[in-house]
Amino acid sequence: MEKQASAFLREIPVRFRRPLTARRFARSTLLEVFFELSYMHKYWPRLTRYTERGDLPIDNNRCENAIRPFVVGRKAWWFSDTPAGAHASAVIYSLVQTAKANGLEPYAWLRRVLRDLPAAKTVEDVEALLPWNLNSRDLTSGLAH
């Protein structure tokens, strides 16, 4: 299937290289087609990227599903007292979603980070606390401290 999609996508620019004439399209339609084809040409490498790597999704549904609670809750955040408070809310939300995206329970990960971060002395110590460098066993192993 991937090879068929890739071949089809490679064929599209060739098919559209044929000149579009006023006889085939009304003037306004010709202009619209020109802009649409220009847009497609500009973003062609991005459109075809997912056919080159099987691990890339064709859509961003995962990302959109992750931000849905944020969008639903944003009306409550209108009442942030200050821009700094709104920024702090955004930072915390970002941390929570990053933990979730890496398969960690956000509360356990934040507890671990807030406990161990003051003792971090090097960049490597801080990087070891990033969600993609920890797993669930790491989070439960050190909670008794």
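Summary table
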item: Around Leu134: net Lys/Arg minus Asp/Glu count, Cβ-Cβ under 15 Å; result: -1
item: Where region 30-71 is the region considered: accessible area per residue in Å², 1.4 Å probe; result: 86 Å²
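The values are calculated or read from the model by the stated rules, or taken from the named source; none is laboratory data. No experiment lies behind these values; they were computed from the predicted model shown. Here Cβ is always computed from backbone atoms with ideal geometry, including for glycine, and neighbour counts include all displayed protein chains. All accessible areas refer to the heavy atoms of the entire protein, side chains included, with ligands and DNA or RNA removed. Shrake-Rupley method; radii C 1.70, N 1.55, O 1.52, S 1.80 Å.
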